[in-house]
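See below for the structure under consideration.
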Amino acid sequence: MGTNCAPLLADLFLYSYEAEFMQNLQKSKSTDKKLVRSFNFTYRYIDDVLAINNSKFVDYLDSIYPPELEIKDTTDSSTQTSYLDLNLIKEPDGKLVTQLYDKRDDFAFPIVNFPFLCSNIPSSPAYGVYISQLIRYARSCSKYDQFVTRSKRLTLRLLEQGYVMSRLGVAFRKFYGSHHAIVDKYNISASKVALDIGLQV
């Protein structure tokens with residue numbers, strides 16, 4: 001890890017085992033076709049795997065991957081898990097709800113992960129960070145309260161790091177003007193969203 005080619009090598013390495021497993025599964029005359037189809041909703045991004053509606057996946061891990069590969073189950077429960085930067089929750093009615101997952105939230109110390117305005121960077125890209133994070137939150141959060149919680153926390157943090165309220169308001173209007181489609185799902189007006197996340201626009 002750490003080299004430029006590492007993600008590509010990891011992807012190819014794991015794919016070779018997965019492809020061989022699926023080919024053998026399909027060729028086997030004793031294999032139940034339902035079992036083959038149960039892998040239709042199995043996804044992997046580099047070394048993170050998500051298996052949806054496949055209770056047999058864990059039973060076949062040793063058949064798919066080599067023994068030297070350490071596999072950690074990060075499933076929280078049968079109705080909740082985290083995958084990449086999403087927390088996936090299955091509600092009682094069967095609806096899948098997503099919200100942002102950031103492992104840095106679990107750290108017992110503060111993390112500096114946004115630029116300070118007093119640092120040696122132009123201000124326009126710094127305010128662009130605000131827009132990009134609002135886009136990320138709106139795409140990740142199915143529910144409005146989750147979007148508001150994340151956005152309000154970000155707004156307060158950036159204000160503490162020297163950002164100006166009026167320019168954050170301008171950045172918010174740019175976000176809403178260009179990406180309103182991803183916040184329309186909340187059915188909340190722009191002025192109400194701005195108020196809820198602590199902006200004065």
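Tabulated values for the structure
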{"read-out": "Residue count for segment 103-132, restricted to those that are outside any loop (DSSP other than H, G, I, E, B) and out of contact with any helix residue (DSSP H, G or I) (no Cβ under 6 Å at 6 or more places or on another chain)", "value": "11"}
{"read-out": "Qualifying residues in segment 159-181 (those that are within 28 Å of Leu88 (Cβ to Cβ) and at pLDDT below 95) - the one surrounded by the fewest Cβ atoms within 10 Å (Cβ to Cβ)", "value": "Ala181"}
{"read-out": "Test for Val170: is it of a type in the set (Val, Ile, Thr), under 27 Å from Asn87 (Cα atoms) and not in a loop (DSSP other than H, G, I, E, B)", "value": "no"}
{"read-out": "Flag for Asn87 being at pLDDT 85 or above and part of a loop (DSSP other than H, G, I, E, B)", "value": "no"}
{"read-out": "Filter pass, Ile188 being outside any helix (DSSP H, G or I), more than 17 Å from Val129 (Cβ to Cβ) and either within 18 Å of the chain's Cα centre (by Cα) or not charged (D, E, K, R) (or both)", "value": "yes"}
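The values are calculated or read from the model by the stated rules, or taken from the named source; none is laboratory data. Because the structure is a prediction, the values reported are computed rather than measured. No Cβ is skipped: glycine too gets one built from the backbone with ideal geometry, and neighbour counts run over all protein chains shown.
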